[in-house]
Amino acid sequence: MRGRARRPARRHGAPRRGRAGPGGRRSPDRAGRTGAATALIAGNAATSIEVLRHLGAEAGRLAIVGFDDFLLADILRPALTVIAQDDAAIGRTAIELLLARGADPTHPVRTVTLPVTLVPRGSGELPPA
């Protein structure tokens, strides 16, 4: 799973650990080293989990915010700060849009933005080491 999770990021230009990325910058190979990243935002729950698994004990030295809450995020130390989305509202909205389009195929395509909630738990509030 880990190899598959990292492979798409590399395909889209993300450098491997310790290799030069866009603009000649080197990506950090360990959190907390001089010049290393001090914060990370994970795009979804699966990525948050893989980041935490990869960083292990060093995760507490990096400010981390995940997008999409997941079970046990609140019992980590520090607990993982997340941007939570309402999965039920996303599902309801998708069905409503699908039914409206099915009833009237000329119904215009719409972009719908649903609210999210910041759930501060401690991991995103860490100052740089």
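The values are calculated or read from the model by the stated rules, or taken from the named source; none is laboratory data. All values reported here derive from a predicted model rather than from experimental measurement. Please note: Cβ atoms are built from the backbone with ideal geometry, for glycine as well, and neighbour counts cover all protein chains shown.
Within the stretch 66-113, being touching a Gly at 6+ places or on another chain (Cβ under 6 Å) and either among the aliphatic types (A, V, I, L, M) or modelled with pLDDT of 90 or more (or both) holds for F67, A79, L80, T81, V82. If you go through the stretch 83-129 and keep only what is of a type in the set (S, T, N, Q) and either touching a Phe, Trp or Tyr at 6+ places or on another chain (Cβ under 7 Å) or surrounded by 12 or more Cβ atoms within 10 Å (Cβ to Cβ) (or both), you end up with Q85, T93, S123.
With respect to the conditions (1) under 27 Å from L118 (Cα atoms); (2) assigned to a helix (DSSP H, G or I); (3) modelled with pLDDT under 55, R4 lacks only one, and its number is (1). The residues in the stretch 63-82 that are under 13 Å from L118 (Cα atoms), free of Cβ contacts under 8 Å to residues at least 40 places away in the same chain and not in a strand (DSSP E or B) can be counted, and the count is 1. Total residues in the stretch 44-62 satisfying the condition of being buried (at least 16 other Cβ atoms within 10 Å of the Cβ) and not in a helix (DSSP H, G or I): the figure is 1.
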